[in-house]
Amino acid sequence: MSNRRTVLGLGAVAGGMLVTAKLSTELLERWPGGARPGDPRFRPAAAAVDVPPPFTVPMPVPKELRPVIASAGVDVFRVDMTPATVEILPGVRTPALTFGGQFVGPTIRARAGRTALVQFTNRIDMEANVHLHGGHVPASSDGFPTDVIAPGRSRTYTYPNTQPGATLWYHDHAHGMEAEDVYRGLHGFYLIDDDAERGLQLPQGEYDVPIMLRDAAFAADGTLDFASFARPVVLANGRPQPYFKVAARKYRLRLLNAANTRVFTLTLGEGATMTQVGSDGGLLPAPVPRTELTLASAERQDVIVDFSKFPLGSQVVLRDATSGPVLRFDVVRRAADASRVPAALRPLPPIPAATAERDVTMSFDLSRPMPVGMLNGHAFDANRVDIAVRRGSTEIWRIGNGDPPGFDHTFHMHATHFRVLDRDGKAPTPDDAGWKDTIYVPAGARNIRVAVTFPQTTGKYVYHCHFLEHSAAGMMGVMEIQ
Ligand SMILES: [Cu+2]
């Protein structure tokens with residue numbers, strides 16, 4: 001454990017510096033303008049490992065997990081957390097830490113109004129735990145960083161699914177290890193379906209596709225290189241720049257940025273429209289036509305793409321502004337399409353009057369040999385309550401980035417969702433729409449105001465930077481709902 005933590009410390013610096021200091025002279029020299037495909041720097045420094053050309057492997061859709069028991073009102077699932085050797089790059093064996101042996105864990109599809117009990121068994125040789133990102137769950141099932149599952153032990157998490165339909169994901173949250181563990185594969189989708197949403201007749205079944213985007217660096221022997229500055233290989237559902245065969249009809253694409261420390265800015269084809277219907281906490285009040293989506297680490301956006309707008313045989317590329325092609329959709333067949341995109345989806349309720357306002361400033365202590373992550377000047381301490389709030393109350397939090405230019409952050413709050421009111425006095429961006437649990441806090445952001453209504457549950461939850469190298473380095477606080 002101590003060895004692994006030491007390694008993590010180095011990784012924290014590397015990963016943190018990668019994104020946060022992207023404007024530093026040193027990095028600009030190494031990485032001017034970011035890597036582009038075809039640029040030799042797009043490959044890892046010691047790239048003896050073969051990264052295939054784009055669009056040579058198919059994109060899988062992670063398997064959906066069947067409940068082992070489905071009784072009145074309760075579904076029971078079992079998932080092993082286990083080391084596994086997986087194929088990410090074709091023909092290359094990569095050791096990973098997985099849920100259920102899959103590099104992108106099995107998708108858990110839950111139903112609103114039905115409790116899911118998920119028993120996780122830790123078959124990894126170190127402590128780990130599980131956080132349901134975006135889940136409204138009791139504190140005892142939230143994966144508090146020090147509330148871990150010992151090796152060889154099992155733990156059943158209770159997910160009440162009292163929130164509306166949404167694209168959530170589950171991942172490790174063991175303090176100090178979350179960055180490395182998630183990087184090595186402890187991530188999977190958790191989708192909540194609700195009847196009202198189903199009634200809208202958005203694309204369903206095989207036309208409802210979760211897509212996990214992330215990046216990775218590979219050492220020459222095929223292992224995932226966690227300490228690497230650069231993570232040049234972009235993966236969609238665990239494969240490098242894959243293709244995905246689609247029918248000429250509407251699809252719901254549930255896009256998740258599961259990269260530890262990266263911002264994707266996505267466009268489709270030659271400026272094709274992606275109709276956004278959902279964000280972190282589920283459906284927007286109305287569909288929003290978008291041509292460019294920005295997803296910081298852990299953010300989700302659900303979009304409807306109508307591939308019938310493209311001639312059969314078209315190849316439509318999803319592209320990231322920094323890394324280039326991410327995924328190619330090949331329009332290969334016709335299909336019936338009874339799905340719709342209604343003009344009204346799910347109304348957003350009015351925000352209750354706030355009873356408190358608080359500031360949360362995110363920064364590094366750069367005076368130390370290893371940068372330490374801080375919120376309001378304090379590194380994470382699991383035994384200290386940083387913010388106590390009243391259950392059911394509404395507050396306005398002003399999130400600021402206290403670091404010098406070049407240091408980006410993200411802000412994530414557990415237990416609930418919030419709404420972005422404004423950014424430094426300006427209107428929120430389209431990427432801030434709807435119910436959010438994670439927002440981008442770029443360099444220079446001083447006052448992003450969010451309104452949050454706390455749930456009726458009580459207990460200790462964390463809020464943190466979701467660039468996981470930053471939270472692992474201490475950029476995390478404890479809030480107690482009382
Ligand atoms: Cu950060």
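Quick notes
- Check on ALA335, surrounded by fewer than 21 Cβ atoms within 10 Å (Cβ to Cβ) and of a type in the set (A, V, I, L, M, F, W, C): yes
- Yes/no for GLY434 being crowded, with 17+ Cβ neighbours inside 10 Å and in a strand (DSSP E or B): no
- Count of segment 445-482 residues which are within 16 Å of the ligand (Cβ to nearest atom) and part of a strand (DSSP E or B): 6
- Among the residues of segment 84-106, just one is closer than 16 Å to ASP225 by Cβ and within 16 Å of the chain's Cα centre (by Cα), namely PHE103.
- Condition check for GLY188 on (1) in contact with a Lys or Arg (Cβ under 9 Å, 6 or more places away or on another chain); (2) crowded, with 24+ Cβ neighbours inside 10 Å: one failure, at (1).
- Selection of strands (runs of 3 or more DSSP E) fully inside segment 101-214 by the criterion of at least 2 residues being under 22 Å from ASP302 (Cβ atoms), of a type outside the set (Gly, Ala, Ser) and not assigned by TED's automatic domain parsing to the domain that holds ARG384 returns 105-111, 131-133, 166-171, 187-193.
- Any hit, segment 407-425, residues being within 16 Å of the ligand (Cβ to nearest atom) and among the β-branched types (Val, Ile, Thr): yes
- Qualifying positions in segment 422-431 - buried (at least 17 other Cβ atoms within 10 Å of the Cβ) and assigned to a strand (DSSP E or B): ARG423
- Elements of type strands (runs of 3 or more DSSP E) contained in segment 267-365, each with 3 or more residues being among the hydrophobic types (A, V, I, L, M, F, W, C): 282-290, 300-306, 315-320, 324-334, 356-365
- Residues within segment 257-289 that are charged (D, E, K, R) and crowded, with 20+ Cβ neighbours inside 10 Å, tallied: 2
- ARG333 vs. criteria more than 16 Å from the ligand (Cβ to nearest atom) and in contact with a helix residue (DSSP H, G or I) (Cβ under 7 Å, 6 or more places away or on another chain): no
- Residue ID - surrounded by the fewest Cβ atoms within 10 Å (Cβ to Cβ), chosen from residues in segment 234-256 that are at negative phi and not in a strand (DSSP E or B): ARG249
- Selected residue (only one of PHE144, PHE218 is in contact (Cβ under 8 Å) with a residue 12 or more places away in the chain and in contact with an Asp or Glu (Cβ under 9 Å, 6 or more places away or on another chain)): PHE218
- Residue under evaluation GLY15, criteria (1) exposed (fewer than 15 other Cβ atoms within 10 Å of the Cβ); (2) over 22 Å from SER154 (Cα atoms); (3) at pLDDT below 95, criterion not met: (1)
- Filter pass, SER279 being assigned by TED's automatic domain parsing to the domain that holds VAL233, under 30 Å from HIS470 (Cα atoms), in contact with a His (Cβ under 7 Å, 6 or more places away or on another chain) and in contact (Cβ under 8 Å) with a residue 40 or more places away in the chain: no
- None of ASP306, ASP302 is farther than 26 Å from ARG231 by Cβ and not β-branched (Val, Ile, Thr) except ASP306.
- Hey, HIS417 under 22 Å from the mean Cα position of the chain (by Cα) and at pLDDT 95 or above or not: yes
- Considering residues of segment 344-366 that are within 16 Å of the ligand (Cβ to nearest atom) and farther than 25 Å from ARG391 by Cα only, the residue surrounded by the most Cβ atoms within 10 Å (Cβ to Cβ): PHE364
- Test result for PHE103, out of contact with any Leu (no Cβ under 7 Å at 6 or more places or on another chain), crowded, with 22+ Cβ neighbours inside 10 Å and on the phi < 0 side of the Ramachandran plot: yes
The values are calculated or read from the model by the stated rules, or taken from the named source; none is laboratory data. These numbers were taken from a predicted model, which means no experiment stands behind them. A quick note on method: Cβ atoms are made from the backbone with ideal geometry, for glycine too, and the neighbour counts reach across all protein chains shown.
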